[in-house]
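Q: If you scroll down you'll find the structure; I have some questions about it.
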Amino acid sequence: MIYPWQADDWNRLQQLRGHWPHALLLHGQAGIGKLRFAQHLAQGLLCEAQQANGEPCGACVACNWFAQGNHPDYRIIVPEALAAEAGLNNAADEKADKADADEGKKTRTPSKEIKIEQIRGLLDFVGVGSHRGGARVVVLYPAEALNIAAANALLKTLEEPPAGVVFLMVSARIDRLLPTIISRCRQWPMTMPAPDVATRWLAAQGVAEASALLAEAGGAPLTALALASDENRALRDWTLKQLAAGPDCDAFACGEALQKLPVPLVLGWLQRWMYDLLAQRTAGAPRYFPQASAALTRCASQADASAFARFMRTVTRQRAVENHPLNARLVFEELFIGYRDLFA
Ligand SMILES: [Zn+2]
């Protein structure tokens, strides 16, 4: 099933039937369900009793194979790290992974890149004919995870695609794709969910404060859903209170309380808060924390915008090295002291 905010994209895409592009690049913000959409589209293309609007029937042999993850004319290519985490694997790969594990090779860190070996394996797949006589479909997610060697290997196939092969590339960061890859795909920007549709969906998933979380997630419902069950939410709320205190922010308490959290997570909170402070000053409305609007207004009036902008750059620089922090506690202390000093 696709998400309720995707019906329009689905219907418009069906107009391409009859001259279906051999490579479709579905792109848009993270957390709006692009992967599920691509998988549903793949199932629709493989279904042998397709419904009028391109919907898969859910009952034919192809749909059953698809649901079990072993349709012979379907491949999904994801980085190893993601496959392990989300169970996004082809049944055949899972067997191979298990064999690896059995041989005790699982000690290395799973790769976050799509590697050339994966693309080579894919080329074997597209090189042989269709098992069922219909389309062969490849979902590649996220496309920005293709490393250079893998992207170049894929490029040749995208230039001269074998008949009947459809690539569904999914990306939240097309700015990171090779222009040569982009130019060989039909680009399809996925529609952002309307806030009321997204809020209703979140409420139906049992999320309280749906609209506040949706705002914090930048309008992406799946990100909002993840935030709702975030085990660090209490600390997040505590940190926002510290930030809201402006000149009274207790930087040492922040270092102490947050030191065990992943650095990127805390930097993300700080970045969104700073974004909102600037937005409050310039546009008069916060984007991520509308529920903290009063505190943002108060803080925004206590320092000048250029100091905010400078501090924002400091946080951004810290994000660039966030995966190799020297000492999380010191990093946080220094940042929160810098924040407090904005109001001095
Ligand atoms: Zn079917």
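Every number here is computed from the coordinates shown, using simple stated rules; none is lab data. Please read all numbers here as calculations on a predicted model, not as lab measurements. Positions of Cβ are generated from backbone atoms using ideal geometry, with glycine treated the same way; all protein chains shown enter the neighbour counts.
Q: Counting only Cα atoms, I'd like the Rg/Rh figure for the range 103-170, Kirkwood definition for Rh.
A: Expressed as Rg/Rh, it is 1.03.
Q: Also: Quick one: order Met274, Met1 by neighbouring beta-carbon count within 10 Å, fewest to most.
A: By the 10 Å Cβ count, ascending: Met1, Met274.
Q: Based solely on its DSSP helices, what 222 nm [θ] is calculated for the chain when runs of n ≥ 4 H residues each add -39,500 (n - 2.57) and the sum is averaged over all residues, nearest 500 deg cm²/dmol?
A: -15500 deg cm²/dmol
Q: A follow-up question, please. Only counting other Cβ atoms within 10 Å, I'd like Thr316, Thr239 sorted with the fewest neighbours first.
A: Thr316, Thr239
Q: Taking each pair of distinct Cα atoms in the chain once, what is the resulting Kirkwood hydrodynamic radius in Å?
A: So the Kirkwood estimate lands at 22.6 Å.
Q: Now for a different question. Using a Gaussian network model on the chain with a 10 Å cutoff between Cα atoms, which of Gly218, Gly18, Gly284 fluctuates the most?
A: Answer for the Gaussian network model of the chain: Gly18.
Q: Could you tell me which trypsin sites (Lys or Arg not before Pro) in the range 1-93 are loop residues by DSSP with no more than 12 other beta carbons within 10 angstrom of their beta carbon?
A: Arg17
Q: Suppose R0 equals 56 Å; then what is the FRET efficiency for Ala163 and His324 from their Cβ-Cβ distance, rounded to the nearest 0.05? Show your work: numbers first, answer last.
A: Details: r = 47 Å, r/R0 = 0.85.
It comes to 0.75.
Q: What spacing in nm lies between the two simple spin-label points modelled at Ala226 and Arg36, each 7 Å away from Cα in the Cβ direction?
A: The answer from the label model is 1.4 nm.
Q: Let me ask something else about it. Put a dot 7 Å past each Cα toward the Cβ at Ala283 and Ala84; how far apart are the dots in nm?
A: Calculated label separation equals 3.9 nm.
Q: I've got another one for you. Express the relative contact order of the chain as a whole percentage, based on alpha carbon pairs under 8 Å and six or more residues apart in sequence.
A: 18 percent
Q: Once the piece of chain linking Arg313 and Phe252 is laid out straight, how much longer is it, given 0.36 nm per residue of separation minus the C-alpha distance between them?
A: Computed gain between Arg313 and Phe252 is 19.8 nm.
Q: Could you give the size of the charge dipole of the chain about its Cα centre, using +1 on the Cβ of each K and R and -1 on the Cβ of each D and E, expressed in debye and rounded to the nearest 20?
A: 520 debye
Q: Please name whichever of Leu155, Gly121, Ser111 sits farthest to the positive end of the charge dipole of the chain, dipole taken about the Cα centre and charges placed at Cβ: Lys and Arg +1, Asp and Glu -1.
A: Among Leu155, Gly121, Ser111, the one farthest towards the positive end of the dipole of the chain is Leu155.
Q: Largest first, please: the extent of the C-alpha atoms of the range 4-189 along each principal axis, to the nearest Å.
A: In descending order, the Cα extents are 49, 37, 33 Å.
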